[in-house]
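The structure appears right after this line, and notes come after that.
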There are 2 protein chains.
Amino acid sequence: MTDRLRQRLSRRGFLQTASGTIAAASAASFPFEPAAAQVPDIKLPAPPGKQVGFALVGLGSLAINQLMPAFARSQKAKLVGFVSGRPEKAKQLAQLYNVDPKNIYTYDTYERIADNPAIDVIYVVLPNSMHAEYTIRALKAGKHVLCEKPMANTPQECEQMIAAAKAANRKLMVGYRVRYEPYNQALIAYARETAEAGPTRMILAEAGFNIGNPNQWRLKKQMAGGGSLMDIGVYALNAARYLSGEEPVAVNAVMHSTPNDPRFAEVEENINFQLRFPGGIIANCGSSYGVNINRHRVLKPRGSAELDPASSYTGLRMRVIRGGAIEERILPQRDHFAAEMDHFAGCVLDNTEPLTPGEEGLKDMKVIMAIYEAARSGRTVTLA
Amino acid sequence: MTDRLRQRLSRRGFLQTASGTIAAASAASFPFEPAAAQVPDIKLPAPPGKQVGFALVGLGSLAINQLMPAFARSQKAKLVGFVSGRPEKAKQLAQLYNVDPKNIYTYDTYERIADNPAIDVIYVVLPNSMHAEYTIRALKAGKHVLCEKPMANTPQECEQMIAAAKAANRKLMVGYRVRYEPYNQALIAYARETAEAGPTRMILAEAGFNIGNPNQWRLKKQMAGGGSLMDIGVYALNAARYLSGEEPVAVNAVMHSTPNDPRFAEVEENINFQLRFPGGIIANCGSSYGVNINRHRVLKPRGSAELDPASSYTGLRMRVIRGGAIEERILPQRDHFAAEMDHFAGCVLDNTEPLTPGEEGLKDMKVIMAIYEAARSGRTVTLA
């Protein structure tokens, strides 16, 4: 080693850099000897700031498998209570998630949450037909409400929910979780906000899965309000709306259910629909309880971009296509439910409006009704 | 080296194996010394059997860039003649492809092909509005006809072409090239012939490209018969039909062209359509002269398969999706046009019916008319 090199390395060893003295020292010692084992202190998460207390209403699969674990990844939302018709189940889950048994309610004692200052937000995770009632009762009890999609079974119910929020001066948000995760946000930016590849001309969006147990509430017309369109096709509809940034003015649809399949005795299996937007974008959308599909594609004159899967809980992927080249865009994967709950908790703390308020659910519900009417009538249904 | 090892290697050097003595000797010599350079004789292509003489009518981009080179990859089809309104162009191309100048015709001398025994097949590669006339004239001259898609501008013309073939006792085929290449054949097998993943429930098919020069014949209503649907969307329609193996019974459609875009003064840019098949499959299809898209997807209860691209001249790709796993199926890439011409040459030689006869073109044309009617009327159009 020359003196000159030795001098330079020695100087490096004492440089103060942005990454701090530990990194600089280990870089300097590397050529001479193994560095002494240095385990840097792991930075602890910051102690929570003000957190918003959430109570879950309805302890089904989504609540247990997705929402409860998501609180651990949330900054501002804290799981503090349950409302359930099955007290034993609620008690067991309360032990698991360290929920105070005082904060467990039944559907009969639901109104008493008004007197519980630990609960700020009610997250309604019930069958669709119960969304309106349990949202309105929570709002009347002075609580903010995050309601799962679809918002309700009819536009009229949605309007009543919005009116109840206004009357109570409380916040109301619909749980359109993919609006809060990076992949759909990136596709929105591609479709609406960047000049990349020219203006959006066509949107393709499909959402479907092969539904299991024929006895579940999703397959009962009275509880679900409809079939695949209400539960899963609403993702494709919502995507066509948020990717175009417009409201559709005309709708076509075709519907089919496999004959004699016990799952589809009351509700539709497949319903495909076409949307025309005022700026000229046309969208082809698919909805299914029979096949697995999960994709959003935005088409422009000089390129396209696709999410596939587009609305799964995890593992979303994005491809951008241009000039015959396909590029995958790797983005941070976020827990959709944690992101959604954090957003609403922030709205409550800061008194701001959510990105997907009740009005957003109402807009989807009006189009859903038009899609069903188009499929039944065999006519293009126009929307005001 | 032990005596035992030396003995084994020596024995291997004289073993006669299925791969022959050269392979055995080089395997044996490898550990000891470089093998002497041995260039095996390259097997020459077999001398052609009976070949069918093709004359191209219309020397545009498809004929020059795709069809002429494809003859070199064809076994049974031989390029022997041209019919063109531009004799200088035809003469130059004849030199390039070793076509006898005696076999060059103009549109005025077209009927004289009747007296030319070197020409068995006329391949019609003209603008759509000329397909019927030049097909019928060739049939009357006693020639078999391969006609590019779309078969003609109207179902009536298609019927006249079919009648002319019957009257002349000659063969008539429509150039649906992707029916003759391995990827679409594999997707048909997945959709219709295998039990893999259950029966097909939904088909998605889109075909489109961002069309260039606003002055080309494809954008003139009179010559093209229509816009993107006639030229490129017909691939999506044809795919929905061959993937389902059925004829659609009902059609919805929505159409849009970018206002003030000079390319779309006469014909449509985008037209998306929905098909209902009698067995219950529903298809969502897209057609565009504004965006690049090229995909066929078949959806089943327990899996799906996709070609993307699906109808490009080269580079098709197939993905099969099941249980969250995505597998790419690599298949032989064939020249679509060589495969298509070989098929028709075989039909002529063996007196068999082509896979895509005139009747196939007529079926597409009837659905195309229904799609336009559905888009114009805003109603579901039913087909007999």
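The values are calculated or read from the model by the stated rules, or taken from the named source; none is laboratory data. All of these numbers come straight from a predicted model, not from anything done at the bench. Backbone-built Cβ (ideal geometry, glycine too); neighbour counts: all protein chains shown. Areas reflect the complete protein model, heavy atoms only, side chains present, ligands, DNA and RNA absent. Shrake-Rupley method; radii C 1.70, N 1.55, O 1.52, S 1.80 Å.
Tabulated values for the structure
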quantity: Test: residue in the stretch B:363-381 that is within 10 Å of chain A (Cβ to nearest Cβ), free of Cβ contacts under 8 Å to residues at least 60 places away in the same chain, farther than 30 Å from B:Lys143 by Cβ and in contact with a Phe, Trp or Tyr (Cβ under 6 Å, 6 or more places away or on another chain); calculated: no
quantity: Strands (runs of 3 or more DSSP E) enclosed by the stretch B:289-371 - at least 2 residues per element that are surrounded by 19 or more Cβ atoms within 10 Å (Cβ to Cβ) and modelled with pLDDT under 95; calculated: none
quantity: Residue count, the stretch B:162-183 (criterion: under 14 Å from B:Leu355 (Cα atoms) and not small (Gly, Ala, Ser)); calculated: 10
quantity: Answer from B:Asn215, B:Asn210 - the residue that is open to solvent by 30 Å² or more (accessible area, probe 1.4 Å), over 30 Å from A:His296 (Cβ atoms) and in a loop (DSSP other than H, G, I, E, B); calculated: B:Asn215
quantity: Meets criteria (within 19 Å of A:Ile119 (Cβ to Cβ) and without any contact (Cβ under 8 Å) to a residue 40 or more places away in the chain) for A:Pro45; calculated: no
quantity: Conditions (1) more than 21 Å from B:Lys50 (Cα to Cα); (2) part of a helix (DSSP H, G or I); (3) open to solvent by 30 Å² or more (accessible area, probe 1.4 Å); (4) of a type outside the set (Phe, Trp, Tyr); number of the one not met by B:Asp108; calculated: (2)
quantity: All positions within the stretch B:265-322 that are within 7 Å of chain A (Cβ to nearest Cβ), over 16 Å from A:Asp308 (Cα atoms) and β-branched (Val, Ile, Thr); calculated: B:Ile282, B:Val291
quantity: Which listed residue is more than 21 Å from A:Lys149 (Cβ to Cβ) and in contact with a His (Cβ under 6 Å, 6 or more places away or on another chain), from A:Ile330, A:Ile282; calculated: A:Ile282
quantity: Answer residue from the stretch B:35-92, given it is of a type in the set (Phe, Trp, Tyr) and surrounded by 21 or more Cβ atoms within 10 Å (Cβ to Cβ) and is nearest to B:Asn103 (Cα to Cα) among those; calculated: B:Phe82
quantity: Per-region count, the stretch B:252-269, residues open to solvent by 20 Å² or more (accessible area, probe 1.4 Å) and in contact (Cβ under 8 Å) with a residue 60 or more places away in the chain; calculated: 1
quantity: Breaking point among (1) under 21 Å from B:Arg334 (Cβ atoms); (2) within 14 Å of chain A (Cβ to nearest Cβ), for B:Glu206; calculated: (1)
quantity: Hits in the stretch B:155-178 - residues which are under 20 Å from B:Leu349 (Cβ atoms) and over 22 Å from the mean Cα position of the chain (by Cα); calculated: B:Ala168, B:Asn169
quantity: Every residue from the stretch B:227-280 that is part of a loop (DSSP other than H, G, I, E, B) and either under 21 Å from the mean Cα position of the chain (by Cα) or polar (S, T, N, Q) (or both); calculated: B:Gly227, B:Gly245, B:Glu246, B:Glu247, B:Ser257, B:Thr258, B:Asn260
quantity: Criterion violated by B:Val234 - all others in (1) within 17 Å of B:Ala374 (Cβ to Cβ); (2) within 12 Å of chain A (Cβ to nearest Cβ); (3) of a type outside the set (Lys, Arg) satisfied; calculated: (2)
quantity: Subset of the stretch A:239-251 (residues that are open to solvent by less than 10 Å² (accessible area, probe 1.4 Å) and at the interface with chain B (Cβ under 10 Å from one of its Cβ atoms)); calculated: A:Val251
quantity: Filtered residues of the stretch A:252-264 (kept if within 18 Å of B:Gly286 (Cα to Cα) and facing chain B (nearest Cβ under 7 Å)); calculated: A:Asn252, A:Val254
quantity: Residue in the stretch A:223-238 that is within 24 Å of A:Phe264 (Cα to Cα) and open to solvent by 40 Å² or more (accessible area, probe 1.4 Å) present; calculated: yes
quantity: The stretch A:169-203, residues that are at pLDDT 95 or above, away from every other protein chain (no Cβ under 14 Å) and open to solvent by 60 Å² or more (accessible area, probe 1.4 Å); calculated: A:Asn169, A:Arg170, A:Gln185, A:Arg192
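Residue by residue, here is whether (1) without any contact (Cβ under 8 Å) to a residue 40 or more places away in the chain; (2) at positive phi holds:
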site: B:Arg179; (1), (2): no, no
site: B:Asn184; (1), (2): no, no
site: B:Tyr190; (1), (2): no, no
site: B:Ala195; (1), (2): yes, no
site: B:Gly198; (1), (2): no, yes
site: B:Met202; (1), (2): no, no
site: B:Ile211; (1), (2): no, no
site: B:Pro214; (1), (2): no, no
site: B:Trp217; (1), (2): no, no
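Here is a yes/no grid of residues against (1) part of a helix (DSSP H, G or I); (2) of a type in the set (Gly, Ala, Ser):
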{"site": "A:Leu126", "(1), (2)": "no, no"}
{"site": "A:Ile136", "(1), (2)": "yes, no"}
{"site": "A:Lys149", "(1), (2)": "no, no"}
{"site": "A:Gln156", "(1), (2)": "yes, no"}
{"site": "A:Gln160", "(1), (2)": "yes, no"}
{"site": "A:Met173", "(1), (2)": "no, no"}
{"site": "A:Tyr183", "(1), (2)": "yes, no"}
{"site": "A:Ile188", "(1), (2)": "yes, no"}
{"site": "A:Ala197", "(1), (2)": "no, yes"}
